[in-house]
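The values are calculated or read from the model by the stated rules, or taken from the named source; none is laboratory data. Fair warning: this is a prediction, and the values are worked out from it, not measured in the lab. Every residue, glycine among them, receives a Cβ derived from its backbone with ideal geometry; neighbour counts consider all protein chains shown.
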Amino acid sequence: TMTIHSEEHIVDVHVRSGVYSSDTIFDYTHGYIATRLFSRNACFIMKIQKDIIPDLQEIGRLAFERETMRDVYSPNNVWALFQAGNSRLGHFKDWLLYGKHIENLCTGLPLYE
């Protein structure tokens, strides 16, 4: 499911698929995307690259098209590959940078950037 909060410039995406379940937040105000993978008990954070990641209005349009047309193909699909690396727990300065929505999603979990 996808929920778009236009007034807060936030998109919440919830995937419920057993071991592949995840929650993702697109925070356009702070410019970051965070994905919490439940199977890994970890949070992955990346900076929004405006030339690759659709803006808030475009995500809404793509979601609407997918819902109405039932078409899973989009030339705007984005795949991110996170490589194993060092994780750390978030600190106060991280949450100032990433914002409260990502803090709520990722507090207490290892963070991978």
## Note on the structure
Going through segment 100-110 in order, the residues found to be touching a residue at least 40 places away in the same chain (Cβ under 8 Å) and more than 13 Å from the chain's Cα centre (by Cα) are 109, 110
### Query
Out of (1) surrounded by fewer than 15 Cβ atoms within 10 Å (Cβ to Cβ); (2) modelled with pLDDT of 85 or more, what's the single condition that is false for residue 79?
(2)
### Per-region count, segment 15-32, residues within 19 Å of residue 108 (Cβ to Cβ) and either crowded, with 19+ Cβ neighbours inside 10 Å or within 12 Å of the chain's Cα centre (by Cα) (or both)
6
## Note on the structure
Matching residues in segment 43-55 (in contact with a strand residue (DSSP E or B) (Cβ under 9 Å, 6 or more places away or on another chain) and modelled with pLDDT of 85 or more) number 6
